[in-house]
Every structure is written in C-alpha cells, then in structure tokens.
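The values are calculated or read from the model by the stated rules, or taken from the named source; none is laboratory data. Model, not experiment: these values are computed from the prediction. Here Cβ is always computed from backbone atoms with ideal geometry, including for glycine, and neighbour counts include all displayed protein chains. Only protein heavy atoms, including side chains, enter the accessible area calculation; ligands, DNA and RNA are left aside. Shrake-Rupley method; radii C 1.70, N 1.55, O 1.52, S 1.80 Å.
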Amino acid sequence: MRFAFHDTVQAPEKGGLGIFILPGLALFLCLIFIGSAVQAAEISAERLRERARQQQLHQDPYWLTLLHYRPSLRGLGSLIDDPDFFVADNGKWDAQAELDATLQAFFAPPSIDQSPARCRFPARYEWLKEQLGAEDDDFPAATCSELDEAIAQVDPRSAVLIFPGTHNNSPASMFGHTLIIIEGPYKSRLLSYAVNYSAFTDETNGFAYAVKGIFGLYRGYFSVLPYYQKLREYRDLERRDVWEYPLDLDEDETRRMFLHIWELKDIYSDYFFFDENCAYQLLFLLEAARPGLTLIDHTRPWVIPIDTVRIVREEGLIEASLYRPSKATRIARIAAQMSDEEQKTTLSLLDGSIAPTELAEAGLNQAAQIRALDLATESVEFSYFKKQLGQDEYRSRYIALLTARSKLGPASPEPDWQEPVRPDRGHGSNRFSLGTGFRADDYYLQAKIRPAYHNLLDADAGYIAGSQIDFADLVLRYYPEDNRLRLHNLNLIEIVSLSPRSRFFKPISWKVKTGLIQRPADDGGDHLVYELSPGGGFSYGNDAVLGYGMVETELLVSGHFRDSFALGGGGSLGVLVNLADRWKVHAAARHIWHEAGDPHRSAEARLDQTLVTGRSSSLTLNLSRQKVHGRYLTDAGLNWNFFW
C-alpha cells in the first residue's frame, strides 16, 4: 500500500541539516506517542486488573469453565495441557495469574506471528469486558479478520447434541460417542458444522491403542468438520445409528459456545478413555454457552458418553430427538420385508448372475422388483463406502440399478418401523446387586457392583442386543457358616459381541474376558486365579432368539496350579432368548481342555434368567453346574439389580 504523503514531501537538499531534522522530528514525535499510548494502556490494564481483583473474578465459576479448571492435588488445575492455551507461565495452575495476564495481553500490541489476544481469546474477552463494565473503546483496537470470517461462515444460531450409537462388532464404538453440531441459517442440518473432540492417533494395534488410551498417552484435539462428513463416517461406514438431540440454546448462547470453540482451536489435552474423553470435554462447551450450568459436577470418575446425554437432558437442555438409522440398519429393514426367494434373487443381482432388467423374468412382481432393486442399491453403496468396490465398478452398477428402479415408479408405503428406544432412555450404566445363593453346600450372601455398562442379560432397550461390556465387575460373597468374606470374582473387563450373520452381512462374533475368579482346584478347594479367555465364532438369529458357537482359549495363572498356570482350548455354545418383553434367558455350555501347565479339563453348563422389573431394576436367577478336576460343583443364586 502506498501513502499519499510520499508524493508530496519534498526531498531535502543533499548535505543539508534537513536530512536529519525531519526524520529526527518524526522519530521524536513517535516516541512521545508510543510512550503515551503505553502509559495509557498500562493505566487501563492496571485499572481493570484491580477491578477484577475486587470482584474476585478469578474465582468466578464461568472463568474456571473457560480455562477448564478442575480441583486437583495442587488445589486447582486446568485439564488443558497445551501451554499455548495460557497467557501466564503458570496459568495452568493459577487462575488469578491467568486472569491478570489475559487482561494485560488485551492491551499489548500483537506480535508479528500471533493474533491480538482479544482475537485469540474472544470468549474470555467478551466475558471480562462485560463483567468489568468496559467497552471496546477501552481496549486497543484490533482487527480479527480470521475470527470474523469464521463466524460469518458458520453463522452460529443453534446447536444439536449428536450421539452415534454403538456397533457391537466395534470395540472402539461400544461406549458410544458424542459431538455437537452448530446450526446456521441452513434449512438442512446436514449443511451444519460438527464439533468433535477425539484422540489423534494412527495406531493400528488394538491392544496398544487401548493401553495408550487408558493411560492418556494420546493428545486430544477439537476439530470442526461439515456434519455430512461425520454422518457418513458413523452411519454409513461404521454401521452406527445416530441420534440427534436439539439443544435448548438461543442464538447468543450458541455464539458464546462458538467463541470458546475458537479458543480451543489447535489446542490439545491428554486424552483418557474413561474420564477426560469426548463426552466429558464437550460438557465444557455447553457450560461456556450458558453461564450457570453445572453439568461437569454431575459426572462420575468414569465418563460414559450416554451418561452425559442423560445429564444434559436432566438439565433441561434436551426436549426431542431425531433418529437416523445406519445404512446397515436400512438394509436389514428392507431385507426383513422380503421373502426368502426375493432375498436369493437380490443376491443374484448383487453377484451379477442376473441383470437389473431381468428381474421380471426371474418371476418377481413389481413390488418385489422394487424391494430387490432398493436393497441392491443400498448394498452396492455400502460396499463402495467400505472400499470393497472400485469407483468405476460402483458407478456402473449403481447407475444400472437406479435406471431399472426409475422405470418401476414409487414403492408402496413402507410398514411403520418401530423406532428403537432412545439410548438415553435405557437402563443406567452402573449396576449394584444384592443376592443370596449356595455354592456346593455353602450358603452365601452376595453383593455386586459394576461401574459399566451393559450385560447380555440386561434389558436391551436403548442398547444393542447381543452386546456386552462388563467393566470392573466386582462380586463379594459372605459365608455366614464360617464367617468368611471372600472376593468371588473381579472381571477387569468382559466383552461379548454376538453379531448375527445373514445373507447380506457376515460378521465374526467374538469375546474376551480377563480378571480374577474363584476356580476349583485338585486339592478340593476354591482358589482365586487370574483368567484370560478370548474366543471367536459365529452367531445366527435376531433380537428374539440368538444362537452362537465359539472357539475359545483360556489361560489360568495361580500358585495352586502345577507350574503355576494352565493353558488350553475348547469351545462354547449358547442361545439367548427373549421369552417375553421382560423375560430373558441365556443357556450356555462350555468345555476347555487344558493341556499345558496343569493338565485338566473343565466343563460347565449354565442357565441364567432375568426378569426386568423396571427401567432401573431387575431380578436375575443364575444356575450353573461345573466339572473341574473330576469334581462336580453346583452354584445357584438369586440377585436383585439396581441401575443408576
């Protein structure tokens, strides 16, 4: 940019005093101006800092929310780990110092490579300005081009909480996930922007992924992406149904949340799977939107995404929901309308045995042809998303199917599909149980507590049938006859994924269990042993009746075993039946041949039943018969379960 006075100032004579006078005078005036400005800024900053101290703003809950402060061993500490989020050197631990430094930064001239502080921290700026009764003119002027452009692009007006459900064959999805979309003036929600917090990693080893996630060895970042991209990822690729919960936030509150999201741009926190995870971090955004919300105070030491949805609902921020079934769910729904012959014809259509134009010759009437083409179209699209088809093949087959479909006219109205129970309306994630029973000839009283999350025998409403995650399931038994309190078992984690196979999907069912459990030994007594038992196999059926068979291995470790361990393999068979709306039965048999370490065989048959007595309670009857080391043992128990 050129300045106009460059053309009007006359050049001084060469060698005269003028060559020094004008620049010197300009420099002198600049120094006076800068000095006065700095002095004025210092006075204003100090005045505001003093006012903030008098108001104790550093202790204000909203300031603590904006900095993500939580109680810590050092008194107070921010959950943000990126030093770029703080202005003060000790801002992570000192709310007063961070507030003082932030006010000072609002008066400091911006450096060459950084935005002015009021542009970098707009949520802090607007809140402090309001609390201190200041105006924009009280601060040095700043141009926030990037922020203004982002606000103009997103145009935040309302927000929606998103819960992608679980897919029981995906361990990473089994606790669910939450994100927020910021809605603008668009009529379609799909054009909105999704705010997502997740761990950034390219780890492909599942075990390493889990261990690093548990111990916070990943960095978590907020990201903002078009919602349709996230929807495609969850719904179409990961086979997860999606629930949308519009939030009761007005335009000002949504804008305030967006400003805080801006402050978190490119900022990381250590990501922990069980507490400082996606669901937990999103609660800070909601508290930043509406001062006075105390969502985080209602969380437990472990945070499950669906629990945070319940917290938000109980705070009155959720009134309705919208269900978006996954592509896999849609395929299953269409297939459920079809006869056996129609499904076989559709498979022929998919493997190329017949062309889309030959359906009439295959003996299908018009309605059946429509179903076959709709199902084939969904399946081809699903295969393409899963990268099982190349783009050229996908395009040619997709167009051929749509061309044939367009000639058949509209389909008959679909039957009314019953929308599944909202995930937040399911039973609570925590379970406490009291019961009684006998093991061999010993009568016992029993107490159980399970922090998370869902068992095969728990009510399926709001959950995926055939899925189980028992985490830290602790069982204590008291034997009155000899006044003994015994740890019966501690399942560190037990995951079971029974994903039924069909003509259109061929998933593998699997399980893994690890923890401590009382096991009969060859000395005639029970001993606490460590158990690791993975397995895999197939499942068939539906939500009403689901049968399965698995090949399993088992490692037992105890000083009571020969060589202190027993390693073997075998298998299990089982069937899970919903006999009525509230009555579920699980019958199973398992046989393991331990050939390494302590050689022995173990066989077990069990019959477990649950009667659901309410959304928060149930009764469970467990019967089992074991044969281990040639010794038979019967265990029977009745438990009352309470969920919260």
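Quick one: what does P(r) look like for segment 181-277 with 5 Å bins over all Cα pairs, in whole %? With 5 Å bins starting at 0, P(r) equals 3, 11, 17, 20, 21, 16, 8, 4, 1.
Take the Cβ atoms of Glu126 and Arg47, set R0 to 25 Å, and the FRET efficiency comes out at 0.85. Direction-averaged projected area, Cα convex hull, segment 70-217: 12.9 nm², rounded to one decimal. Reported to two decimal places, what Rg/Rh ratio describes the chain when computed on Cα atoms with Rh from the Kirkwood expression? Answer for the chain: 1.09.
How much FRET efficiency would the formula 1/(1 + (r/R0)^6) give for Gln366 and His629, where r is the Cβ-Cβ distance and R0 is 60 Å, rounded to 0.05? Display every interim value, and only then the final one.
Working: r = 66 Å, r/R0 = 1.10.
It comes out at approximately 0.35.
Shape analysis of segment 533-644 places it in the prolate category; the axes a ≥ b ≥ c from the Cα gyration tensor give an a/c of at least 1.5, with a/b above b/c. Ligands, DNA and RNA left out, the 1.4 Å accessible surface of segment 175-217 is 62% carbon and sulfur atoms.
In the structure shown, do any of Lys513/Lys584; Lys327/Lys407; Lys230/Lys327; Lys327/Lys386; Lys386/Lys513; Lys327/Lys387 have a Cα-Cα gap over 18 Å, and if so which?
Numbers: Lys513/Lys584 22 Å; Lys327/Lys407 24 Å; Lys230/Lys327 14 Å; Lys327/Lys386 12 Å; Lys386/Lys513 29 Å; Lys327/Lys387 15 Å.
Flagged as over cut-off: Lys513/Lys584; Lys327/Lys407; Lys386/Lys513.
Within the straight-line cut-off of under 15 Å between alpha carbons, the aspartates and glutamates reachable from Lys129 are Glu46, Glu50, Asp60, Asp100, Asp137, Asp138, sequence neighbours fewer than 8 places apart in one chain being disregarded.
Charged neighbours of Phe85, selected by a Cβ distance under 15 Å, balance to -4 (K, R count +1; D, E count -1).
Remark on Ser509: its backbone amide H falls under 5 Å from those of Ser499, Gly537, Phe538, Ser539, a criterion applied only to residues 5 or more positions apart or on other chains, H modelled at 1.01 Å from N.
For the peptides 372-380, 331-339, the ranking by packing is 372-380, 331-339, with the highest mean count of neighbouring Cβ atoms within 10 Å listed first.
Taking the inverse of the mean 1/r over every pair of distinct Cα atoms in segment 584-633 gives a Kirkwood hydrodynamic radius of 12.8 Å. To the nearest 10 degrees, how steeply does helix 122-131 sit against the main Cα axis of the chain, on a 0 to 90 scale? Between helix and principal axis, roughly 70 degrees. On the principal axes of its alpha-carbon atoms, segment 262-335 has extents of 47, 29, 27 Å, going from largest to smallest.
Counting only alpha carbon atoms, the long axis of helix 145-154 and the longest principal axis of the chain meet at about 40°. What shape does segment 535-596 have by the C-alpha gyration tensor, where a ≥ b ≥ c are the square roots of the eigenvalues, rounded means a/c under 1.5, and otherwise prolate means a/b greater than b/c and oblate the rest? Here segment 535-596 falls in the prolate category. With n ≥ 4 as the cut-off for DSSP H runs, can you work out [θ] at 222 nm for the chain, using -39500 (n - 2.57) per run divided by the number of residues, rounded to the nearest 500? Mean residue ellipticity, 222 nm, calculated: -9000 deg cm²/dmol.
The value for segment 315-428 of Rg(Cα) / (2.2 N^0.38 Å) is 1.28. Most tightly packed first, judged by the mean number of other beta-carbon atoms within 10 Å of their residues, the peptides 384-390, 398-404, 157-163, 272-278 read 157-163, 272-278, 398-404, 384-390.
Rolling a 1.4 angstrom probe over segment 444-596 with all protein chains present gives an accessible area of which 63% lies on carbon and sulfur atoms. When all protein chains stay in place and ligands, DNA and RNA are ignored, the 1.4 Å accessible-area order of Glu130, Glu98, largest first, is Glu130, Glu98.
Measuring how big segment 122-207 is from its alpha-carbon positions, Rg and Dmax come out at 19.2, 58 Å. Cα centroids of segment 344-395 and segment 133-196: 38 Å apart. Three semi-axes describe the equivalent ellipsoid of segment 456-573; taken as square roots of 5 times the Cα gyration tensor eigenvalues and ordered largest first, they are 31, 19, 11 Å.
What is the diffusion coefficient of segment 310-355 in µm²/s, taking the Kirkwood radius over Cα pairs and the Stokes-Einstein relation at 37 °C with a viscosity of 0.692 mPa s?
Working: Rh = 13.8 Å.
The calculation lands on 238 µm²/s.
Rounded to the nearest 10 degrees, what's the angle between the helix 391-406 long axis and the longest principal axis of the chain, both from Cα atoms, 0 to 90? Roughly 70 degrees, rounded to the nearest 10.
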